[in-house]
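Accompanying notes for the structure given below.
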């Protein structure tokens, strides 16, 4: 059996540049971890699902490094419903309790919720300390761990409180995906297909051709999909770190999807599931505007459905959805800007569309 390859993708942000390391058994590689986790004082932030699986593996590997290293951990409750200021406060409490200073680091061991909260705590604590992303879900490996967005939810709007704070490294061990429930794995596929829709039709064609291998979690397919997704995100983030322009295209389907998550209570719909339906809606609206063809719309919906993701939105009502979408961070001057498809492989952030197109899309999918 041939060895599973390891890949590296670089995020080019000047003095804030960092590597994304992709491969199997990275959490057991003491030399690799020591190379990228330099701090001698570390807080590992994880949750009650991930801790029994991987906390001891990571801790033991880190303890093999030469010299003294003090390692603490905090285990948080699992789920999007706990991505709050109260839970963020628990992480800060732990940093203070263990007397971590500005030369300490935080390691986020878990999915997107853990990564967002641990990163936000690192950004805020003593006005900023280092942190390392150790994503254990497919969605976090291809999306939320990369790019430096950190934060928590507000009860009335998702991701409204946070900061940009880049990690020192992202260590994506695909071995952790073996313990990921099928529903969570499929949710991560939504963020992968997004990159094909907005940026790279060759990658889109590869996804269509390799859907069975990717659904079966075959190493070669997973590593290629994670690597190409990270390469695309690296290119976009490298040109627009703080989402002043191009980076917003990474939010295809997210404005509609965030409305679903907020309206149904955080956690009822997984983020990737909501984004999948959101991409269906964004594609529908793009077709209503005449930007993409019916065959392109069918291709988008078909791939989302092929990966076992929902394509039908919950009946939250068009007006309720509109109010929730009005809190989106892409709203400028009172105008809701949406990420739409000009064609497959090319997305655009636009507020210049007929109101009727949005009205019809919302009523069609969310109900009256």
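Things to note:
- Among the residues of segment 175-184, those identified as closer than 15 Å to residue 223 by Cβ and touching a helix residue (DSSP H, G or I) at 6+ places or on another chain (Cβ under 8 Å) are 175, 176, 177.
- Residue that is surrounded by the fewest Cβ atoms within 10 Å (Cβ to Cβ), among those in segment 244-281 that are in a loop (DSSP other than H, G, I, E, B) and without any contact (Cβ under 8 Å) to a residue 24 or more places away in the chain: 244
- Among the residues of segment 212-253, those identified as touching a strand residue (DSSP E or B) at 6+ places or on another chain (Cβ under 7 Å) and farther than 18 Å from residue 10 by Cβ are 242, 248, 249, 251, 252.
- For segment 109-141, the set of residues classified as out of contact with any helix residue (DSSP H, G or I) (no Cβ under 6 Å at 6 or more places or on another chain), free of Cβ contacts under 8 Å to residues at least 40 places away in the same chain and part of a helix (DSSP H, G or I) consists of 124, 126, 127, listed by residue number.
- Checking 218, 208 one by one, the residue that is surrounded by fewer than 17 Cβ atoms within 10 Å (Cβ to Cβ), touching a residue at least 12 places away in the same chain (Cβ under 8 Å) and more than 21 Å from residue 167 (Cβ to Cβ) is 208 and no other.
- Residues of segment 79-104 classified as touching a helix residue (DSSP H, G or I) at 6+ places or on another chain (Cβ under 8 Å) and under 16 Å from residue 55 (Cβ atoms), total: 1
- For the criterion of being modelled with pLDDT under 95, over 14 Å from the mean Cα position of the chain (by Cα) and either assigned to a helix (DSSP H, G or I) or over 30 Å from residue 326 (Cβ atoms) (or both), residue 236 passes.
The values are calculated or read from the model by the stated rules, or taken from the named source; none is laboratory data. Just so we're clear, the structure is a prediction, and the values are computed from it rather than from any experiment. Note that we place each Cβ from the backbone using ideal geometry, even for glycine, and neighbour counts take in every protein chain shown.
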